[in-house]
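The values are calculated or read from the model by the stated rules, or taken from the named source; none is laboratory data. Bear in mind the structure is a predicted one, so any value in this text is a computation, not a measurement. Virtual Cβ from ideal backbone geometry, glycine too; neighbours counted across all protein chains shown. With ligands, DNA and RNA removed, areas are computed over all heavy atoms of the protein, side chains included. Shrake-Rupley method; radii C 1.70, N 1.55, O 1.52, S 1.80 Å.
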Amino acid sequence: MSELYQHRARKRFGQNFLHDAGVIHRILRAIHPRAGEHLVEIGPGQGALTEGLLGSGARLDVIELDLDLIPLLKLQFGLAANFHLHQGDAMKFDFAQLCSTPHSLRIVGNLPYNISTPLIFHLLEHAGLIRDMHFMLQKEVVERLAAEPGGGDWGRLSIMVQYHCRVEHLFNVGPGAFNPPPKVDSAIVRLVPHETLPHPAEDPALLERVVREAFNQRRKTLRNTLKGLLDATDLEAAGVDGSLRPEQLDLAAFVRLADRLHARTQEHSPLP
Ligand code: SAM
């Protein structure tokens, strides 16, 4: 492709193109695409992963925002019957238009780091359609996704993603694998949406609200951070010690708090 047109990486699109064949191979091996599957690649760029994904024979839909890359992708892959190109913003893309079979889409992408967190939240709205997701992300973000309660990485991102998915931090990738090299280390993560939620909340929006409120001031005790939503009786009813800090609570405990808040809204009893 470079013989025809030298694409200049654009910072605003988070363009750091993979060029290390060993890393590309390792990512493809982790994804392990097969004929008969339905893959979606977000941000194919210059096709570093696309070629291997298509080679599996799986159906592949790609979503690319940068208009300059579209003709290159068409030229490179347009003849493959299993290739389907969508120009647009993955943040606004309606993934439900691609299929209606539960747990069938396999999403992959070396994501633009500036939008990776909101993009994951957008995808979680379609968690029921997704079989798994493999992403290259900033290493710190993967550490937060895969975190366990009790440490500094455990927070809103870990809790809301683990509510929907099993998370596996697969391996790290150094800046030298990309062109241009990013200033941060990267890592590959696998997210597998649960077929049955292990800790379903009565209202996931209330879980989001409790978690956001609790971690707004993560150094304070739950009794303090949650006092606008739940009082001491509520905490006790949820089996939560109000003298703990939010990072000490696991997902199940946050769900009990959210359900307590839900019960209150059902009773129409005034919030404390
Ligand atoms: N997959 C290629 C690779 O591994 O070399 C490119 C990865 S690069 C980090 C991110 C890609 O996402 C770029 O091609 C960029 O143009 C594209 N992109 C950025 N924002 C996007 C968005 N909102 N929707 C879809 N693609 C986007």
For region 201-215, which positions are without any contact (Cβ under 8 Å) to a residue 40 or more places away in the chain and crowded, with 17+ Cβ neighbours inside 10 Å? 213
Output for Cβ contacts, cut-off 6 Å, separation at least six or different chains, first residue within 12 Å of residue 119 (Cα to Cα) in region 73-96, second open to solvent by 60 Å² or more (accessible area, probe 1.4 Å) and not in a strand (DSSP E or B), reads 89/65
Which ranges mark the helices (runs of 4 or more DSSP H) fully within region 1-114 that have 1 or more residues being within 21 Å of residue 191 (Cβ to Cβ)? 21-31, 50-55
Hey, among 112, 102, which residue is farther than 21 Å from residue 164 by Cα and at pLDDT below 95? 112
Select from region 148-175 the residues that are open to solvent by 10 Å² or more (accessible area, probe 1.4 Å), more than 25 Å from residue 24 (Cβ to Cβ) and more than 14 Å from the chain's Cα centre (by Cα) and list them in ascending order. 148, 149, 150, 151, 152, 153
Return the residues of region 249-266 that are under 21 Å from residue 219 (Cα atoms), crowded, with 16+ Cβ neighbours inside 10 Å and touching a residue at least 24 places away in the same chain (Cβ under 8 Å); say none if nothing qualifies. 249, 251, 254, 255, 257, 258
Has region 137-159 got at least one residue that is of a type in the set (Phe, Trp, Tyr) and either touching a Ser or Thr at 6+ places or on another chain (Cβ under 6 Å) or more than 13 Å from the ligand (Cβ to nearest atom) (or both)? yes
Given 53, 65, 72, 79, which one is open to solvent by 40 Å² or more (accessible area, probe 1.4 Å), among the aliphatic types (A, V, I, L, M) and within 12 Å of the ligand (Cβ to nearest atom)? 65
Pairs where the first residue, in region 216-228, is free of Cβ contacts under 8 Å to residues at least 24 places away in the same chain and the second is surrounded by 14 or more Cβ atoms within 10 Å (Cβ to Cβ) and assigned to a loop (DSSP other than H, G, I, E, B), C-beta under 6 Å, 6+ apart: 223/242
Residue that is farthest from the ligand (Cβ to nearest atom), among those in region 11-41 that are open to solvent by less than 70 Å² (accessible area, probe 1.4 Å) and of a type in the set (D, E, K, R): 37
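When only residues in region 82-99 that are among the aromatic types (Phe, Trp, Tyr) and either modelled with pLDDT under 95 or in contact with an Asp or Glu (Cβ under 9 Å, 6 or more places away or on another chain) (or both) count, which is nearest to the ligand (Cβ to nearest atom)?
If we take residues in region 82-99 being among the aromatic types (Phe, Trp, Tyr) and either modelled with pLDDT under 95 or in contact with an Asp or Glu (Cβ under 9 Å, 6 or more places away or on another chain) (or both), then 95 is nearest to the ligand (Cβ to nearest atom).
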In region 97-140, how many residues are crowded, with 20+ Cβ neighbours inside 10 Å and without any contact (Cβ under 8 Å) to a residue 12 or more places away in the chain? 0
Can you confirm whether region 108-117 contains a residue that is within 16 Å of the ligand (Cβ to nearest atom), under 13 Å from the mean Cα position of the chain (by Cα) and small (Gly, Ala, Ser)? yes
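So that you can scan it fast, the table gives a plain yes or no per residue for (1) at pLDDT 95 or above; (2) more than 15 Å from residue 81 (Cα to Cα):
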| position | (1), (2) |
| --- | --- |
| 6 | no, yes |
| 9 | no, yes |
| 18 | yes, yes |
| 23 | yes, yes |
| 33 | yes, yes |
| 38 | yes, no |
| 49 | yes, yes |
